[in-house]
Amino acid sequence: MATDHAQPRVEQRAPRRQARVTTLRSAFVEFWRHPSPWMIAVPLVGSLIARIALGDWQWTDALVVAILLAVSPLVEWLIHVGILHWRPRTIRGVKIDWILARDHRRHHRDPRDIPLIFIPWPVLVGLLPALTLIGVFAFSRLPLGMTFLLTVTAFLMFYEWTHFLIHTDYKPRHRPYRAVYKNHRYHHFKNEHFWYTVTSSGTADRVLGTYPDPASVPTSKTAKNLHGASSS
């Protein structure tokens, strides 16, 4: 179950350091140099065109959007805790270590290694077609399915952009972004056991007890070395 993304071990390759990205313009240019945004853009633009062409707008479209947005912080939290922070283990001689977890450990080790900021492209190769199939076949109306696909892919793009921007040298200028910026930086540089959401602050973390006063939390010795692992 252990398939590698890029090079097999972070120690065996020099991390790709970013030039100082201090403006939204330079961040935008750098963002589109990576495969993840382009891959997400395909179903995002496709579902947008299909949704407009299909028409048949109903109140259930608004309901689907509202539900997806409402659960997104919880989904982020669950994925971050249950998958990204998965501790490798061996069961009956088989090592269980997901690509997302391995790359996330590398990301914590060097938060400025640009490719590791993004969702690994092999994951998107499976995820995006799966979401498309759900949108096409899992809803009673195809237009409603396209609303689902458009909302999910738009959120994925928003997640990628927000996460990328936080790890650049662009400084927050407005309160909403400043809040998520500080929230995620605490996760990386204060204590990896708290502040799991990326696109929001004080939502799922507050509900699930991982949103403490930073002054009350000790600085973790393993924030850059998840689980105290000695390898990738």
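The values are calculated or read from the model by the stated rules, or taken from the named source; none is laboratory data. These figures come from a predicted structure and were not determined experimentally. Quick reminder, even Gly has a Cβ in these numbers, built from the backbone with ideal geometry, and neighbours come from all protein chains shown. When the accessible area is computed, the model is the full protein with side chains, heavy atoms only, and any ligands, DNA or RNA have been set aside. Shrake-Rupley method; radii C 1.70, N 1.55, O 1.52, S 1.80 Å.
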Inset, instruction - For Trp195, work out the one condition from (1) open to solvent by 40 Å² or more (accessible area, probe 1.4 Å); (2) at positive phi; (3) at pLDDT 95 or above it doesn't fulfil. - result: (1)
Legend entry - Candidate set from segment 167-178 (those that are of a type in the set (Ser, Thr, Tyr) and more than 19 Å from Asp205 (Cβ to Cβ)); member that is surrounded by the most Cβ atoms within 10 Å (Cβ to Cβ): Thr168
Legend entry - Conditions (1) open to solvent by less than 30 Å² (accessible area, probe 1.4 Å); (2) of a type outside the set (Phe, Trp, Tyr); (3) without any contact (Cβ under 8 Å) to a residue 40 or more places away in the chain; number of the one not met by Leu127: (1)
Inset, instruction - Of the conditions (1) out of contact with any strand residue (DSSP E or B) (no Cβ under 6 Å at 6 or more places or on another chain); (2) surrounded by fewer than 18 Cβ atoms within 10 Å (Cβ to Cβ), Ile96 clears all except one; give me its number. - result: (1)
Inset, instruction - Considering every residue within segment 25-47, establish whether at least one is farther than 30 Å from Pro172 by Cβ, small (Gly, Ala, Ser), open to solvent by less than 80 Å² (accessible area, probe 1.4 Å) and modelled with pLDDT under 95. - result: no
Inset, instruction - Pull up segment 101-124, narrow it to residues that are assigned to a helix (DSSP H, G or I) and open to solvent by 40 Å² or more (accessible area, probe 1.4 Å), then point me to the one that is nearest to His188 (Cα to Cα). - result: Arg109
Inset, instruction - Please verify whether segment 64-77 includes one or more residues that are assigned to a helix (DSSP H, G or I), aromatic (Phe, Trp, Tyr) and surrounded by 14 or more Cβ atoms within 10 Å (Cβ to Cβ). - result: yes
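A quick yes/no check of all residues on (1) open to solvent by 60 Å² or more (accessible area, probe 1.4 Å); (2) in a loop (DSSP other than H, G, I, E, B); (3) in contact (Cβ under 8 Å) with a residue 60 or more places away in the chain:
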site: Met157; (1), (2), (3): no, no, yes
site: Thr162; (1), (2), (3): no, no, no
site: Leu165; (1), (2), (3): no, no, yes
site: Val180; (1), (2), (3): no, no, no
site: Ser200; (1), (2), (3): no, yes, yes
site: Thr210; (1), (2), (3): no, yes, yes
Legend entry - Leading residue by the ranking (surrounded by the most Cβ atoms within 10 Å (Cβ to Cβ)) among those in segment 79-93 that are part of a helix (DSSP H, G or I) and touching a residue at least 60 places away in the same chain (Cβ under 8 Å): His80
Inset, instruction - Please verify whether segment 217-230 includes one or more residues that are closer than 21 Å to Arg105 by Cβ, part of a helix (DSSP H, G or I) and touching a residue at least 40 places away in the same chain (Cβ under 8 Å). - result: yes
